[in-house]
Amino acid sequence: MMKQDRIALTLPKEDGVTLYHAIQTRRSSRAFVDRPLEQREISELLWAAYGVTDSEGRRTAPTARGCNELNIYLFTHEGVWKYEPLSHSLSPMLKGDHRKVTGLHDFVALASINIVYTADLTIAAEGPRERQIAWASIAVGAMSQNASLWANSHNLLAVVRG
């Protein structure tokens, strides 16, 4: 466990290109440069993926029956962090560079960040486990698309991996 305090993130500002342009020009890339992202970039990227959009706790990406059973873990050169959408902050989880454990490809160790999405099915919408997994998978697809579009609209490279 990291001894560092939680990091409060800044709220996003409206900038970047139009949504149309971001969708039209979005491409997957595996040619990453090991450059730490600015805190503002991380803040806005995470908000785009799963941030809170109103006082009732609605998110930028839908979940089945609004259960919000998903979590985001951010792997950086400094450590592993858990994104806390309600407080729009990062909680430290593990110190050190663990980016290489997020995938089998060499480029994962060079990417500025790796985002890992997880689902807590103990709080997922009721139903058969297969349906819970399908609903969580659909929500993660929406989250990763939001993150990819934000990255593209700010001239950052991204790729979604399974």
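The values are calculated or read from the model by the stated rules, or taken from the named source; none is laboratory data. All figures in this text were calculated on a predicted structure; none of them were measured in a lab. Ideal geometry is used to build each Cβ from the backbone, glycine not excepted, and the neighbour counts take in all protein chains shown. When the accessible area is computed, the model is the full protein with side chains, heavy atoms only, and any ligands, DNA or RNA have been set aside. Shrake-Rupley method; radii C 1.70, N 1.55, O 1.52, S 1.80 Å.
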Those residues that are open to solvent by 60 Å² or more (accessible area, probe 1.4 Å) and closer than 13 Å to residue 80 by Cα, I need them from segment 97-120; list them, please. 97, 100, 101
Answer residue from segment 12-25, given it is open to solvent by less than 70 Å² (accessible area, probe 1.4 Å) and not polar (S, T, N, Q) and is nearest to residue 154 (Cα to Cα) among those: 16
Got a sec? Which of 87, 55, 28 is part of a loop (DSSP other than H, G, I, E, B), free of Cβ contacts under 8 Å to residues at least 60 places away in the same chain and open to solvent by 40 Å² or more (accessible area, probe 1.4 Å)? 55
Given 116, 101, 108, which one is farther than 24 Å from residue 59 by Cβ, of a type in the set (Val, Ile, Thr) and at pLDDT 95 or above? 101
Qualifying residue in segment 123-143 (condition: part of a helix (DSSP H, G or I), touching a helix residue (DSSP H, G or I) at 6+ places or on another chain (Cβ under 9 Å), closer than 24 Å to residue 44 by Cα and not hydrophobic (A, V, I, L, M, F, W, C)): no
I'd like the full set of residues that are modelled with pLDDT of 80 or more and among the small types (Gly, Ala, Ser), limited to segment 20-34. 22, 28
Looking at segment 1-11, is at least one residue open to solvent by 50 Å² or more (accessible area, probe 1.4 Å), at pLDDT below 95, in contact with a helix residue (DSSP H, G or I) (Cβ under 8 Å, 6 or more places away or on another chain) and farther than 23 Å from residue 138 by Cα? yes
In segment 58-72, anything assigned to a strand (DSSP E or B) and surrounded by fewer than 18 Cβ atoms within 10 Å (Cβ to Cβ) is listed as 71
Output the qualifying pairs, or none if there are none: Cβ atoms under 7 angstrom, residues six or more apart or on different chains, first residue in segment 103-115 and in contact (Cβ under 8 Å) with a residue 40 or more places away in the chain, second residue assigned to a loop (DSSP other than H, G, I, E, B) and surrounded by 15 or more Cβ atoms within 10 Å (Cβ to Cβ). 103/161; 107/32; 110/32; 111/32; 112/32; 112/37; 113/37; 113/76
